[in-house]
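Heads up, the thing below is written out as structure tokens.
Readers should treat all values here as calculations from the given coordinates under stated rules, not as data from a laboratory. Remember, predicted model here, so these are calculated numbers, not experimental data. FYI the Cβ positions are ideal-geometry reconstructions off the backbone, even for glycines, and counts take in every protein chain you see.
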């Protein structure tokens, strides 16, 4: 999953994948602007079939935060799907 997130960030932010280290802050270190962040969120929604809410976006300060939010949301989607099938 982390690799998929990093590929989305690479395309959305236009930064080299090798430069997307977990501790780097999206705005302060990678200099992402608002349009890049919007593209990132929309691309993550499409890539993972999720719906990222405003509070989730606010929690995405670093590359590691993005991975953690996507992991949490995709686990939630899987749990909801299992619950519906039961």
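Modelled label positions at residue 47 and residue 23, each set 7 Å beyond Cα in the direction of Cβ, lie 2.3 nm from each other. Report, in degrees rounded to the nearest 10, the 0 to 90 angle that the Cα long axis of helix 63-85 makes with the longest principal axis of the chain. Its long axis makes an angle of about 10 degrees.
Any chance you could tell me what percent of the C-alpha pair distances in region 2-85 go past 21 Å? Cα-Cα pairs in region 2-85 separated by more than 21 Å: 24 percent. Largest first, the three principal axis extents of the alpha carbons in region 1-40 are 24, 19, 14 Å in whole numbers. In the chain, helices alone account for a calculated mean residue ellipticity at 222 nm of -20500 deg cm²/dmol, with every DSSP H run of four or more residues adding -39,500 (n - 2.57).
Once the Cα atoms are used to define both axes, helix 2-13 deviates from the longest principal axis of the chain by about 50 degrees.
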